[in-house]
Amino acid sequence: MRSLFTDPLPSCVTVDGAEFPVRTDFKTWIAFDHLMTESDLPLPQKIVSVFTLCFTEKQLPPDLEKTLSALFDFYSCFSSAQKSGNGKKDAPAQRVLSFTQDAPYIYAAVLAQYGVDLTAQNPHWFLFRAMFEGLTKEHKISEIMGYRAMRLSDVKDPKQRAFYRKMKRLYKLPDLRTPEQIEQDTIESLAKII
């Protein structure tokens, strides 16, 4: 596990034992997030865009799959939190954050809590993530993420459930699934009920 206090902030990804320099600023990795989660570009164009965005040199790793994996590792700050205890990735969770859509709330929270103006400064991605993850619950972005994550089936009081349903609708993120994915998810949900 990396330490922000004792380890230098990374500036490369490692693929097959070789290091490849990457851009480290938070704006690059927010753009990476947008390309990978919200862009409707075809996959080949998305990959070219990600490589152009992230790598600082023209020399790229030869293995596409390992390179993408290394970029996702950097994006996740080399955190294994997205994996379950058995080493397998957990099922995708409901999205509760969009760096693009939630930018005003994130900006306001970071400015209020840390005094960091993200339009004037461009911190390393790992530092930005540490600040973001350290935001207290008093900020609007924390409240919004809480609404999005709320499981209505866990709320017993009808008035509270109606309130949370309204908040979920108000702060809903766009559904980025393809029509085929929506159809498949609907079929799977119905199969669980029947």
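Miscellaneous remarks
- Among the residues of segment 119-165, the ones that are among the basic types (Lys, Arg), loosely packed, with under 11 Cβ neighbours inside 10 Å and farther than 26 Å from Cys77 by Cα come to 3 in all.
- Here segment 91-118 is the region considered, the condition is being at pLDDT 95 or above and among the charged types (D, E, K, R), and the residue that is most open to solvent (accessible area, probe 1.4 Å) is Asp117.
- For first residues located in segment 146-168 and within 21 Å of Tyr105 (Cα to Cα), partners that are part of a helix (DSSP H, G or I) and open to solvent by 50 Å² or more (accessible area, probe 1.4 Å) and lie 6+ apart or on another chain with Cβ distances below 6 Å form the pairs Met150/Tyr164.
- Of all the numbered requirements in (1) over 21 Å from Leu173 (Cβ atoms); (2) out of contact with any His (no Cβ under 9 Å at 6 or more places or on another chain); (3) at pLDDT 95 or above, Lys27 misses one, and that requirement is (1).
- Taken over segment 9-36, the residue count meeting the criterion of being closer than 17 Å to Met131 by Cα and open to solvent by 80 Å² or more (accessible area, probe 1.4 Å) is 1.
- Residue in segment 59-67 that is under 15 Å from the mean Cα position of the chain (by Cα), farther than 20 Å from Leu4 by Cβ and at pLDDT below 90 present: no
- Restricted to segment 37-57, and to residues there that are modelled with pLDDT under 90 and touching a helix residue (DSSP H, G or I) at 6+ places or on another chain (Cβ under 8 Å), the residue that is most open to solvent (accessible area, probe 1.4 Å) is Leu41.
- Among residues of segment 1-28 that are outside any helix (DSSP H, G or I), none has a Cβ under 6 angstrom from a residue that is among the small types (Gly, Ala, Ser) and open to solvent by 90 Å² or more (accessible area, probe 1.4 Å) at a sequence gap of 6+ or on a separate chain.
The values are calculated or read from the model by the stated rules, or taken from the named source; none is laboratory data. Source: prediction; values computed, not measured. Cβ sites come from the backbone with ideal geometry, for glycine too, and all protein chains shown count toward neighbours. The protein model used for the area step is the full one, side chains on, heavy atoms only, and it has no ligands, DNA or RNA in it. Shrake-Rupley method; radii C 1.70, N 1.55, O 1.52, S 1.80 Å.
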